[in-house]
Amino acid sequence: MSLSTNLQLLVTDIAQIIQHGRGLVRQVINAAMVESYWQIGRLIVEHEQNGEARAEYGKQQLQYLSTQLTDQFGKGFDVTNLRNMRRFYLAFPIRETVSLELSWSHYNLLSRLENPLARQWYQQETATQSWSVRALERQISVLYYERLLASKDKMAVESEAAEQTSALAETAKDYLRDPYILDFLNLPDQTYQESDLELAIISNLQQFLLELGKGFAFVERQQRICFDDQDFYIDLVFYNFKLKCFLLIDLKLGKLTHQDVGQMDTYVRLYNEQRKSHDDNPTIGLILCSETSQAVVKYSVLADNENLFAAKYLAYLPTEAELKRELERERADALLRLNGKLKLESEQ
């Protein structure tokens, strides 16, 4: 081995040590910052509670503190930052609920959420999925928590948030979403084709992976599988390292059909036979369409197959009014199904 090669290996080893050390320093600084800001917020709130005219007193107190602390410690203690620390403590008054795994920037975002269940849920997901501040900000902006409550899994999500459990989901259904919000693709209204949708996803793969959920990694686009003299091409293939299985995605414009389900069923069967390793779990098939069909879901293999799914994608972020209508529609559908079941049981 040459001298230059030896030196390069030495540089690489030293660089790894430096990077690791810097990472540890960042963790220590972050933990100290979160702890200090929580304590500062606590002291501000407790002092306010002893004031007479709380609103005016609080305003004067923050201005006085800002002036004094800035003189002593420099930037970082203006009125806005002190108000953020105060809000941080009010949002997380129990010290044990503050995880030092998250940064001050994470908590500054979380503290702005008025709904305590949403706040707890976002905090838990951020820690579980290692969301960056930017990722957390986007998930909040697209009403991720509210969308899940409006989905078929809303009871599970609400229960998970209320109980503050950190247990990971174990089934494919728990890892998939409905609907998927693809507003970041910036697709033209009503004029794009399936190929445009696929290309936009590939061009925005990092954001699509974030929307896709936990543990997914991209494998291939238009992957070919064969059977006898026929070739089949799967739009998108991913692998989930938590579920230890492949995910096949077929992109469809328009309403879900029985043909779409049959095609995906074929893809999954062939993939299990040709590509799945012995230590992989059964392949998951997801038909991503612009409109689902309750009839097709009910009267097709989707109803009985635990590894075949259909989900709706939205090319734009729905308004709160649209979310409310969707929630009301699902409640009405659930009530109709319940009434039908009760009627059937009474007739028997």
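Across region 31-45, rounded Karplus estimates of 3J(HN,Hα) from the backbone phi angles (6.51 cos²θ - 1.76 cosθ + 1.60, θ = phi - 60°) give 4, 5, 5, 4, 4, 5, 5, 5, 5, 5, x, 4, 5, 5, 5 Hz, Gly and Pro being marked x. Of the peptides 247-253, 274-280, the order by per-residue mean of other Cβ atoms within 10 Å, starting with the highest, comes out as 247-253, 274-280. Take region 171-317, drop everything but the C-alpha atoms, weight them equally and run the Debye formula without solvent; then report log10 I(q)/I(0) at 0.12, 0.18, 0.19, 0.20 Å⁻¹ to two decimals. The Debye formula, applied to the Cα set alone, gives -0.46, -1.10, -1.24, -1.38.
For region 6-12, putting each phi into the Karplus relation 6.51 cos²θ - 1.76 cosθ + 1.60 with θ = phi - 60° gives couplings of 4, 5, 5, 5, 5, 4, 4 Hz, in residue order, rounded to whole numbers and with x for Gly and Pro.
A simple charge model with +1 on the Cβ of Lys and Arg, -1 on the Cβ of Asp and Glu and nothing else charged puts the dipole of region 171-317 at about 420 debye relative to its Cα centre.
For region 111-129 versus region 243-313, the inter-centroid distance based on Cα atoms is 31 Å. Between the amide H of Gly285 and those of Leu248, Leu308, Phe309, distances stay under 5 Å, these residues lying 5 or more places away or on another chain, with hydrogens modeled in the peptide plane. The count of lysine pairs in region 221-304 that are at least 8 places apart or cross chains, and whose C-alpha atoms lie under 27 Å apart, stands at 7. Legend: calculated FRET efficiency, Gln259 to Lys59, from the Cβ-Cβ distance at R0 = 51 Å, rounded to 0.05, equals 0.20. Here the Karplus curve 6.51 cos²θ - 1.76 cosθ + 1.60, taken at θ = phi - 60°, turns the phi angles of region 83-98 into couplings of 5, 5, 5, 4, 5, 4, 5, 5, 6, 10, x, 9, 4, 5, 7, 8 Hz, with x standing for Gly and Pro.
Computed from the coordinates by the stated procedures, all read-outs in this text should not be read as laboratory data. On a predicted model such as this, the values are computed, not experimentally measured, just so you know. For neighbour counting, all protein chains shown are included, and Cβ atoms are generated from backbone atoms with ideal geometry for every residue, glycine included.
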